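*Asks:* What follows is a single structure, and I will ask about it in a moment.
The values are calculated or read from the model by the stated rules, or taken from the named source; none is laboratory data. Since the structure is predicted, the reported quantities are computational estimates derived from the model, not experimental observations. Here the Cβ is made from the backbone with ideal geometry for all residues, glycine too, and neighbour counts use every protein chain on show. Heavy atoms of the whole protein, side chains included, go into the accessibility calculation; ligands, DNA and RNA do not. Shrake-Rupley method; radii C 1.70, N 1.55, O 1.52, S 1.80 Å.
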Amino acid sequence: MTLIVFWRKQKAAIAGFHPLHQALIHQQGFSVSLRPADWNALIASLAQHHAHVRRRRWGLPDRVPAVLVPMLRVLMEDMTGKGVLSVAADLRGPGTPEKQGPQVQLPVRRPVRSVTQWFAVDPWLRMRAELRDGSVLELAVTDRVRYRKVHKVNPRGKHKTKTKTKTVRRIAVTRRTAKGAPVQRPGTPPPPWIRVRLKNGERTVITAVAKIPAGDDRSLPEHILHVSTETFRWTRRTR
Amino acid sequence: MDEEDPLTPCDVTTGFFVLARCGRPAVVGCPRCGRPVCDRHAGPQGLCPECAGPQNDDPYDPRWAGGYRRRYYSSSSQTYNDTTWYSSFDDYDRGGFNTGDDYSYGSGDFGDDDGGFVDS
């Protein structure tokens, strides 16, 4: 009897990857707090992925190289080796059943027979970093997807259904400054698509929120950083 | 690699939003601009990151964030219409923005007739 083992080399390669790398392959996400050296070990493992794994089923989610790795790199630049960087990534997408909201029927006119609408809320990335100036930066990226399933019947009695989606991406960045850190209003206001809130106290809390249409994920790190920038413009540089 | 000089700190800018000098003991002076560089930041032939040339676009590369920071500060300065944001870089750092000058450091490429979007 001959035992055929498929994808043997690729399975062996995956078994040798970092545990969080394996979680991204099999569960498309993880939630963990690590120090920068440990994150660098994960990134080094992720960099080896395409050299060893070609099977599409075991591919990394597109948002790993496009968003997760760049954001890890950027946040770690502002951390000391002892700071903790927490990441909760859920890259399964908005189609997951637990992310779906209740369905409602919208009023219709003929030839449309029914329109069913529901929303999915997908908080797919949350990060928290303890920065070297004593402040803490938290960011969250949430996709809100509106689904509309339209059912219509044409004059010849043919039934057609189609589903339309519209995604709005919400980026929220909160920075808690170090105790007693001076805060000063920046010379220019932020762009109109960024809203800012300030909460004074022992630690000033600066929150910047933006809603943007969901587009190419490759440009998302720049959008996240544009929102994050506002929270840093309120404090003096520590150089 | 050269010997560490504890009296001369590395002058490379580190961080992304919270900028600071590296400060580790320098092991070599950049042969092009002369700034002291530590073993962590010394590139080929002891060049500092700015003089070593454009960084690649691969975020898996540990040096990616340094190169991306220069591009990002340029674009965010325009997004915010905030020249002070960009000018928090010094001449060393801004050298990376001036394409065509081979990342050189000096007054010539950073003068008033630079044509850039910042009055430095």
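*Asks:* Between A:Gln27 and A:Thr165, what's the calculated FRET efficiency when r is the beta-carbon distance and R0 is 25 Å? Round to 0.05. Mind showing how you got there, number by number?
*Replies:* Numbers: r = 24 Å, r/R0 = 0.96.
About 0.55, to the nearest 0.05.
*Asks:* For chain A, what relative contact order do you get, as a whole percent, if you take Cα pairs closer than 8 Å and at least 6 residues apart? Kindly include the intermediate steps, with their values, before the conclusion.
*Replies:* Numbers: 425 pairs, mean separation 34.2, N = 239.
This gives 14 percent for chain A.
*Asks:* Moving on to the next point. Taking θ = phi - 60°, what integer Hz values does the Karplus form 6.51 cos²θ - 1.76 cosθ + 1.60 yield along the stretch B:29-35, in sequence order, with x for Gly and Pro?
*Replies:* x, 4, x, 8, 10, x, 6
*Asks:* Roughly how many debye, to the nearest 20, is the charge dipole of the stretch B:9-81 about its Cα centre, given +1 on each Lys and Arg Cβ, -1 on each Asp and Glu Cβ, and no other charges? List each step's numbers first, then the result.
*Replies:* Values: 9 positive and 6 negative charges, 41 e Å.
So the magnitude is around 200 debye.
*Asks:* So how far apart, in nm, are the two label points at A:Trp193 and A:Asn154 if each is 7 Å from Cα heading toward Cβ?
*Replies:* 3.8
*Asks:* Taking R0 as 35 Å, what's the FRET efficiency between A:Gln184 and A:Ala41 from their Cβ-Cβ distance, rounded to 0.05? Don't skip to the answer; put the middle values down first.
*Replies:* On the way: r = 39 Å, r/R0 = 1.11.
It comes out at approximately 0.35.
*Asks:* Full-extension gain between B:Asp39 and B:Thr8, please, as 0.36 nm times their residue separation minus the C-alpha to C-alpha distance. Let's see the in-between values first.
*Replies:* On the way: separation 31, 0.36 × 31 = 11.16 nm, distance 1.27 nm.
Going from the current span to full extension adds 9.9 nm.
*Asks:* Also, I was wondering about something else. Can you tell me how much longer the chain between A:Val121 and A:Glu222 gets when fully stretched, taken as 0.36 nm per residue apart minus their C-alpha distance, in nm with one decimal?
*Replies:* Numbers: separation 101, 0.36 × 101 = 36.36 nm, distance 2.23 nm.
Gain on extension, A:Val121 to A:Glu222, equals 34.1 nm.
*Asks:* Can you give the Kirkwood hydrodynamic radius for the stretch B:9-81, in Å, rounded to one decimal and based on Cα pairs? Could you put the intermediate results ahead of the total?
*Replies:* On the way: mean 1/r = 0.0775 Å⁻¹.
In the stretch B:9-81 this quantity evaluates to 12.9 Å.
*Asks:* May I ask for the Kirkwood hydrodynamic radius of the protein assembly as shown, worked out over all distinct Cα pairs and given in angstroms to one decimal?
*Replies:* Numbers: mean 1/r = 0.0429 Å⁻¹.
Result for the protein assembly as shown, one decimal place: 23.3 Å.
*Asks:* Using a probe radius of 1.4 Å on protein heavy atoms only, what is the accessible area buried between chains B and A, both sides summed, to the nearest 100 Å²? Display every interim value, and only then the final one.
*Replies:* Working: alone 7290 and 14860 Å², together 19380 Å².
Summing both chains' loss of accessible area gives about 2800 Å².
*Asks:* Along the charge dipole of the protein assembly as shown, Cβ charges K/R +1 and D/E -1, which of A:Trp234, B:Leu19, A:Leu139 sits furthest on the positive end?
*Replies:* A:Leu139
*Asks:* Here's a follow-up. Have a look at A:Ile194, A:Val104, A:Met79 and report the one farthest towards the positive end of the charge dipole of the stretch A:61-232, computed about the Cα centre with Cβ charges (Lys/Arg +1, Asp/Glu -1).
*Replies:* A:Val104
*Asks:* Still on this structure: Accessible area per residue for the protein assembly as shown in Å², computed with a 1.4 Å probe and the full protein assembly in place, what is it? Present the calculation step by step, with values, prior to reporting the outcome.
*Replies:* Values: 19380 Å² over 359 residues.
Ligands and nucleic acids excluded, the figure is 54 Å² per residue.
*Asks:* Based only on the alpha carbon positions, what is the Kirkwood hydrodynamic radius of the stretch A:1-112, in angstrom?
*Replies:* On the way: mean 1/r = 0.0598 Å⁻¹.
After inverting the pairwise mean of 1/r, the radius is 16.7 Å.
*Asks:* Next question, about the same structure. Just grab the label-to-label distance for A:Val205 and A:Lys9, each label 7 Å out from Cα along the Cβ direction, in nm (one decimal).
*Replies:* 5.4
*Asks:* Right, next: Just from the alpha-carbon atoms, what are the Rg and Dmax of the stretch A:60-107 in angstroms?
*Replies:* Values for the stretch A:60-107 (Cα only, Rg and Dmax): 16.9, 58 Å.
*Asks:* By the scheme Lys and Arg +1, Asp and Glu -1, what is the net charge of all other residues having a beta-carbon under 14 Å from that of A:Gln105? Show your work: numbers first, answer last.
*Replies:* Values: positive: A:Arg109, A:Arg113, A:Arg148, A:Lys149; negative: none.
Charge balance in the 14 Å sphere: +4.
*Asks:* Quick one: how many Å² of A:Leu34 are accessible to a 1.4 Å probe, rounded to 10?
*Replies:* Spelled out: A:Leu34, probe radius 1.4 Å, area about 30 Å².
*Asks:* If you roll a 1.4 angstrom probe over the protein chains with everything in place, what fraction of the accessible area of the protein assembly as shown belongs to carbon and sulfur, to the nearest %?
*Replies:* Working: 9620 of 19380 Å².
It is 50 percent, rounded to a whole number.
*Asks:* So what is the calculated 222 nm ellipticity per residue for chain A, using -39500 (n - 2.57) for each DSSP H run with n of 4 or more, over all residues, to the nearest 500 deg cm²/dmol?
*Replies:* Numbers: 6 runs with 55 residues, N = 239.
Helix contribution divided over all residues of chain A: -6500 deg cm²/dmol.
*Asks:* Oh, and also: Taking only Cα atoms and a 10 Å spring cutoff, compute GNM fluctuations for chain A and point out the largest among A:Val153, A:Val64, A:Val32.
*Replies:* A:Val153
*Asks:* Go through the stretch B:65-73 residue by residue and turn each phi into a ³J(HN,Hα) via Karplus (6.51, -1.76, 1.60, θ = phi - 60°); whole Hz please, and just put x for glycine and proline.
*Replies:* Per-residue couplings from phi come out as 4, x, x, 5, 4, 5, 5, 5, 4 Hz.
*Asks:* OK, next. Short version: what are the Cα gyration tensor semi-axes of the stretch A:51-195, square root of 5 times each eigenvalue, largest first, in whole Å?
*Replies:* Equivalent-ellipsoid dimensions as semi-axes: 42, 22, 12 Å.
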